[in-house]
Structures are given as structure tokens and as C-alpha cells.
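Scroll down for the structure; my scribbles are underneath it.
The values are calculated or read from the model by the stated rules, or taken from the named source; none is laboratory data. Everything numeric here is computed off the predicted structure, so don't read it as measured data. Cβ placement follows ideal geometry from the backbone for every residue including glycine, while neighbour counts extend to all protein chains displayed. Just so you know, the surface numbers come from the protein's heavy atoms only, side chains and all, with ligands and any DNA or RNA stripped out. Shrake-Rupley method; radii C 1.70, N 1.55, O 1.52, S 1.80 Å.
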Amino acid sequence: MCDLTSNGNDDPRRFSFEVGEFAVLDGGHRVMLHRERGFTASTNADDIWARQTVDSITHDVLCVVLPDDAEITGDDHPWEWLAELLRVQGIDAVGEQLRGLPYEVVLAEGILQRLPDSVHQSPEVE
């Protein structure tokens, strides 16, 4: 899940984004795992949104949530850590099971409203 942060910055050339991960349970209920990541995007142009797309923001979100050592370990995501975050909340989960589930980047409505009218849906990422 990616949303804009309220950092008090009114500069249209710079925005900060909060990134968190959640799990969707069988009944459709979302369980937030963490909201400890984020990134800032900026441009020298007049407006950062003139250059942003769903794909560019999705790429940035994935760069933020993927492990820094993914190339070394070969693990494309910290599945076991995410499973542990679920277990802390009383939900039985195993990292290997999570690995087989679809992974979707969801952009908050506030972001989608700033993007061109032709693009209003986050793509699913596996």
C-alpha cells in the first residue's frame, strides 16, 4: 500500500510516500503488517505529477519493500519476516505459503487522483 505522507511540504516538485504491506485474509479483511517504509520523489520541473505514472510509482514501491540483499540471497521478498508479522497478530502463516500468493501494489486514492485521468488502477505484481 502506498500513500502520500503529510509532511507539510507544499512544493509541487517534491512528494513523500509512505509504504506499508498488508495481507488479505480469506474473508477479504486486510491486516496491516507494517508501515515503516517510504520514499521521496522530486523533480526540477514545475510539477512532479507531470512525470509520474502508476508504473513508475509501483517500481519505486517495489524497490522500497524488496530486500537490499535480494541479489545475494536470491529471495525476492522477506516472506518469512512477513509471516512472522502475521503470527504476532495471531494469524497462522508460513513464509513459503506467502511466496505463492499474488503480490499487489495498491496506490491510495490520493495518488491516483493526481495521475493522468487515463490511469486509475494499480497493476497486480507477482
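General remarks:
- Pairs, first at negative phi in segment 45-57, second among the aliphatic types (A, V, I, L, M) and in a loop (DSSP other than H, G, I, E, B), C-beta under 7 Å, six or more apart: Trp49/Leu115; Arg51/Ala45; Gln52/Leu115; Thr53/Leu115; Thr53/Val119; Val54/Leu115; Val54/Val119
- For segment 28-54, the set of residues classified as surrounded by 11 or more Cβ atoms within 10 Å (Cβ to Cβ), out of contact with any strand residue (DSSP E or B) (no Cβ under 8 Å at 6 or more places or on another chain) and among the charged types (D, E, K, R) consists of Asp47 only.
- Flag if Glu84 is modelled with pLDDT of 90 or more and surrounded by 12 or more Cβ atoms within 10 Å (Cβ to Cβ): yes
- Among the candidates Leu25, Leu62, Leu4, residue that is more than 21 Å from Pro116 (Cα to Cα), open to solvent by less than 50 Å² (accessible area, probe 1.4 Å) and in contact (Cβ under 8 Å) with a residue 40 or more places away in the chain: Leu62
- Count of segment 87-126 residues which are within 18 Å of the chain's Cα centre (by Cα), of a type in the set (Val, Ile, Thr) and modelled with pLDDT of 90 or more: 3
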